[in-house]
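See structure below.
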Amino acid sequence: MQVKTAAPDQRIFTVSKDQFISDVAEACKAIGLPCRRKLKDGFTAHSLQRTRNTNAMRANVQQPVRMKITGHGTPEMDLHYSHEQDNDLRAAMEKIDQFIKGGEILDGSPLLRAILEKLESISKSVDKSGSKRK
């Protein structure tokens with residue numbers, strides 16, 4: 001299969017969809033990887049699409065750009081092919097935490113700050129099992 005640099009409205013792969021699917025199946029067979037939708041956890045050409053979309057999401061490629069690349073017409077379809085992992089969620093929560101700790105709260109109202117400070121003090125009084133310390 002040849003890969004070429006594509007202009008925005010051109011295909012990247014120079015083979016047909018059917019040929020691409022056949023090539024993926026052949027590659028899977030060659031390395032002993034279960035392939036085809038009929039098999040539980042079988043690898044498919046769509047597996048590559050999910051991987052590409054997930055990696056694009058993790059690289060912070062914006063959703064409209066991902067949709068243009070994949071040809072997906074709806075945000076829902078884009079999200080269907082993007083799979084967050086636990087470490088992605090932890091990293092996002094850490095970014096939010098650092099943003100707040102840096103004092104960059106978008107709604108900087110005194111009431112919101114007071115609530116956040118109270119929540120932080122409460123969370124420090126909760127042990128690892130989820131029980132409140134006395």
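The values are calculated or read from the model by the stated rules, or taken from the named source; none is laboratory data. As the structure is a computational prediction, the values presented were derived from the model and not from experiment. With ideal geometry, Cβ positions are generated from the backbone for all residues, glycine too; neighbour counts draw on all protein chains shown.
Do we find that G32 is of a type outside the set (K, R) and exposed (fewer than 11 other Cβ atoms within 10 Å of the Cβ) in this structure? Please lay out each step first, then the result.
Numbers: of a type outside the set (K, R): yes; exposed (fewer than 11 other Cβ atoms within 10 Å of the Cβ): yes.
Taking the combined requirement at face value, the residue satisfies it.
Tell me, please, whether a residue that is outside the structural domain of A91 (by TED's automatic domain parsing), surrounded by 10 or more Cβ atoms within 10 Å (Cβ to Cβ) and on the phi > 0 side of the Ramachandran plot can be found in the stretch 55-74. Taking every residue of the stretch 55-74 in turn, none turns out to be outside the structural domain of A91 (by TED's automatic domain parsing), surrounded by 10 or more Cβ atoms within 10 Å (Cβ to Cβ) and on the phi > 0 side of the Ramachandran plot.
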